[in-house]
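Let me begin by presenting the structure, written as structure tokens, before commenting on it.
The values are calculated or read from the model by the stated rules, or taken from the named source; none is laboratory data. What you see is a predicted model, and the numbers here were worked out from it, not measured in a lab. Note that each Cβ is placed from the backbone with ideal geometry, even for glycine, and that neighbours are counted across all protein chains shown.
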Amino acid sequence: MTAVLEISGLQKTYRSRKGVRRALDGFDMTVEAGQVHGFLGPNGSGKTTTLRTLLGLIKPNGGRMAILGREVPESLPEVAGQVGAIVESPQFFGNFTAQDTLSLLADAGGVHKDRVVAVLELVGLRDRAKDRVKTYSLGMKQRLAVASALLKEPKLLILDEPANGLDPGGIREMRTLMRNLAESGMTVVLSSHILGEIQLICDSVTIISGGRRVAAGSVADVLKSNTSSSVKVALEPGVDMRNAIELLRANGAQVTVEHDHFTVGNAGNPAQITRILAEREIYVSELTPVSADLESVFLQLTGTAPVEGQNRQVDQTAAAPAPANGGWGQ
Amino acid sequence: MSLYSAETRRLTKRRFTKLFLLGVTLILLAVAAGMFFTNEKVGPEQIASAQAQAQQEFQRSQEQFQRDMTQCQADQGTAQASNWPPGCEGMVEPTADDFQAQWFMPPTFDFRESFPDMVTTLAALLALVAFIVGASFVGAEWSSGGMMNLLLWRPQRLKVLGTKLAALLVFFTALTVVFSAVWTGLFYLIAQARGTSESMTSGAWQSIGLMELRGLALVIVAGAVGFGLASLGRHTAMALGVTIGAVIVFQFGLGTVLSLASVKFAEAYLIPIWMIAWMDKEVKIEDYNSCDFSSANGCVPDSLTLTWPMAGGILAAVFVLIVGAAMWTMRSRDVT
């Protein structure tokens, strides 16, 4: 497969009176052709800075970027016709209608006017096309933004939070649209915080935190390589759970107590649990591996999981723990 | 070319542009209507009426003079004598020349004499509209995010801003040319109906044409400055704020300070005098605190003449400075 989008060692530094802030600190990203690629990261991690830099809105301090095999920003004017993008929240001049807005963009980009009608139909705004944009809901503006990105039939579509403000039906429509576009050969880069959606739609993901890539690859690979060796343990009814927990903790297990069961977080060898408990005549009724989803992997990798009693600040990330290879019991 | 036509379409589709053009058209029509109704054509009837009125006033003044002279002479030797010149000798008897018929003529629109002021009015109004529409045209694009959208389509910053500016200036050039032509025609008709255009020679027409061209330049510079300031601040309010600040600082603050400090030719530091110099070809400022003595003319105050090339140089410098700064920041600043 060929790479449609390549970023390596991208750097962006902001200097102010408060000091220097590295928004991007050697960030790398590769997106293969025909994929739907999820671009994930907590607030302030550098997602939007990356997209803006890629699209020529921000000048980087270092690194290399290429779109469709052409170096950018140098060749951006040549490849811009093949890249459709929305960055951050959709922003349009409120007094123009959707039809006017798209028609002006089509004029500016040399796109045939027929495309305006086609994309309005595609995003479900056909019947509201002649209403002024300021009368639109956030979800409708989002649809218009997607329509503007699709106007020039791009080979690469970059969408920053496209599901933001959409109703559940709209989110499902957007998901289907992304899939259909990818099947038609378009490469889609999707930035979103709705991780369930990303897991459903995307073929591959890049996760950014603190301006650096912390994970990349197919969704399955990222999940697999970052899945913890946690197991859920339930005991026979009537057995005192506290004895079992103390016993396991004494043997080095990381135990999290739930309502009617507990979880061992570093269970590299689950048989060890049954052996230790059985030696004290405590028998387990359930021993199930805890499967990780993208959300938990994301929280783990970016160090942004909520901690009880603490208010996490934007830009504040805990050091991401090393993936659990092995662990207690091995 | 597609970008240029899109920008022209964007400019003319904006409600703000339409409202301001409608507003300025109504104001100009009100000015023209006012001139039409407050002037009238002068014929033998009006001349005869003015002469009669002048004669009447002359007689009334003579009668008043006679009454005053009689009273003065009667008051001599009494306490009221101090109300009159000593010996009633300083009292001036009115003459017929003191009551010329022309002063009693109704106002009439002399095209050659009065139309230049109308050209200045048109240029000032259109310059104001060009400034505000120019500022709003790019300022609203920046603040609404439209500029970012456009740059995603055409990632050539200077080309995008330059094309926007070109669309604005070409639009206002065309508008000013059309308005100037209509304005000239309208006042020519007013002069025909309510005054005279008899003194118009080809030289006078040429002078009016050149004045309208200077008005066009003023409109273009005002539009470019509004556009440039709003682009620098990435908001319409930036241009309007700077303008209000400049008016307060230059017209009121600086004017007061210079006046208190008795600075020679203080008016030369203020903006309006340069606008007048530009439109009227020259303006003479006099320093009444000085005395340039000559045996022929006595004490004559020092004077400074501001000419249209000097004013043109300042306009060009402001244009280059602000548009240049807007282009430079467009090229170098991140779009966030």
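Among the residues of region A:138-150, is there at least one that is hydrophobic (A, V, I, L, M, F, W, C), within 14 Å of chain B (Cβ to nearest Cβ), crowded, with 22+ Cβ neighbours inside 10 Å and more than 29 Å from the chain's Cα centre (by Cα)? No; the residues of region A:138-150 include none that is hydrophobic (A, V, I, L, M, F, W, C), within 14 Å of chain B (Cβ to nearest Cβ), crowded, with 22+ Cβ neighbours inside 10 Å and more than 29 Å from the chain's Cα centre (by Cα). Flag: residue B:194 does not match the condition of being under 20 Å from residue B:131 (Cβ atoms), among the basic types (Lys, Arg) and surrounded by 14 or more Cβ atoms within 10 Å (Cβ to Cβ).
Hey, among the residues in region A:43-101 that are assigned to a helix (DSSP H, G or I) and of a type in the set (Lys, Arg), which one's farthest from the other protein chains (Cβ to nearest Cβ)?
Only one residue tops the list, namely A:47.
Among the residues making up region B:148-163, those that are closer than 21 Å to residue B:323 by Cβ and either at pLDDT below 90 or at the interface with chain A (Cβ under 7 Å from one of its Cβ atoms) (or both) are B:150, B:151, B:154, B:156. Annotation note: of A:117, A:83, the sole residue that is in the same structural domain as residue A:10 (by TED's automatic domain parsing) and within 23 Å of the chain's Cα centre (by Cα) is A:83. Here is a check on your reading of the model: is residue B:41 in a helix (DSSP H, G or I) and among the basic types (Lys, Arg)? Judged against the criteria, residue B:41 is not a match.
Of the residues B:303, B:295, only one is at pLDDT below 95 and within 28 Å of the chain's Cα centre (by Cα); which?
Working: B:295 fails: within 28 Å of the chain's Cα centre (by Cα).
Just a single option satisfies the conditions, and that option is B:303.
Checking the structure you have, find out if any residue of region B:114-137 is among the polar types (S, T, N, Q), in contact with a strand residue (DSSP E or B) (Cβ under 8 Å, 6 or more places away or on another chain), closer than 30 Å to residue B:199 by Cβ and away from chain A (no Cβ under 14 Å). It would help to see each step written out before you state the result.
So the first thing to find is which residues in region B:114-137 are among the polar types (S, T, N, Q), and the list is B:114, B:120-121, B:136.
If we keep only those that are in contact with a strand residue (DSSP E or B) (Cβ under 8 Å, 6 or more places away or on another chain) as well, we get B:114.
Restricting the remaining residues to those that are closer than 30 Å to residue B:199 by Cβ gives B:114.
From what's left, away from chain A (no Cβ under 14 Å): B:114.
The answer is yes; a qualifying residue exists.
Of everything in region A:163-209, what is over 28 Å from residue A:9 (Cα atoms), among the hydroxyl-bearing types (Ser, Thr, Tyr) and in a loop (DSSP other than H, G, I, E, B)? Give them in sequence order. The one that is over 28 Å from residue A:9 (Cα atoms), among the hydroxyl-bearing types (Ser, Thr, Tyr) and in a loop (DSSP other than H, G, I, E, B): A:184. Criterion applied to B:61, B:5, B:82, B:49 was being polar (S, T, N, Q) and in contact with an Asp or Glu (Cβ under 7 Å, 6 or more places away or on another chain), and the one residue passing it is B:5.
Name the helices (runs of 4 or more DSSP H) wholly within region A:213-300 that hold at least 1 residues that are surrounded by 15 or more Cβ atoms within 10 Å (Cβ to Cβ) and small (Gly, Ala, Ser)? Working first, answer last.
Details: elements: A:219-226, A:241-250, A:271-279.
Qualifying helices (runs of 4 or more DSSP H): A:241-250.
For residue B:3, are the conditions met, namely being farther than 30 Å from residue B:107 by Cα, of a type outside the set (S, T, N, Q) and surrounded by 12 or more Cβ atoms within 10 Å (Cβ to Cβ)? Judged against the criteria, residue B:3 is a match. Pick from region A:102-121 the residues that are in a helix (DSSP H, G or I) and surrounded by fewer than 18 Cβ atoms within 10 Å (Cβ to Cβ): which of them is farthest from the other protein chains (Cβ to nearest Cβ)? The residue in question is A:121.
For region A:164-197, filtering for residues that are over 12 Å from residue A:37 (Cα atoms), more than 12 Å from the chain's Cα centre (by Cα) and touching a residue at least 24 places away in the same chain (Cβ under 8 Å) leaves 12.
The rows are residues; the columns are (1) within 14 Å of chain A (Cβ to nearest Cβ); (2) in a helix (DSSP H, G or I); (3) among the charged types (D, E, K, R).
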site: B:3; (1), (2), (3): yes, yes, no
site: B:22; (1), (2), (3): no, yes, no
site: B:25; (1), (2), (3): no, yes, no
site: B:28; (1), (2), (3): no, yes, no
site: B:36; (1), (2), (3): no, yes, no
site: B:50; (1), (2), (3): no, yes, no
site: B:57; (1), (2), (3): no, yes, yes
site: B:65; (1), (2), (3): no, yes, no
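Return yes or no: is residue B:238 at pLDDT 85 or above, of a type outside the set (Ser, Thr, Tyr), in the same structural domain as residue B:179 (by TED's automatic domain parsing) and crowded, with 18+ Cβ neighbours inside 10 Å? Give the steps one after another, and end with the answer.
On the way: at pLDDT 85 or above: no; of a type outside the set (Ser, Thr, Tyr): yes; in the same structural domain as residue B:179 (by TED's automatic domain parsing): yes; crowded, with 18+ Cβ neighbours inside 10 Å: yes.
Taking the combined requirement at face value, the residue does not satisfy it.
Among the conditions (1) more than 20 Å from the chain's Cα centre (by Cα); (2) more than 11 Å from chain A (Cβ to nearest Cβ); (3) surrounded by 12 or more Cβ atoms within 10 Å (Cβ to Cβ), the only one that residue B:45 does not satisfy is (3).
Against the condition within 11 Å of chain A (Cβ to nearest Cβ) and surrounded by fewer than 20 Cβ atoms within 10 Å (Cβ to Cβ), how does residue B:144 come out, does it pass? Yes, satisfied. Elements of the type helices (runs of 4 or more DSSP H) sitting completely within region B:88-197 and holding at least 1 residues that are within 21 Å of the chain's Cα centre (by Cα): these cover B:111-144, B:157-194.
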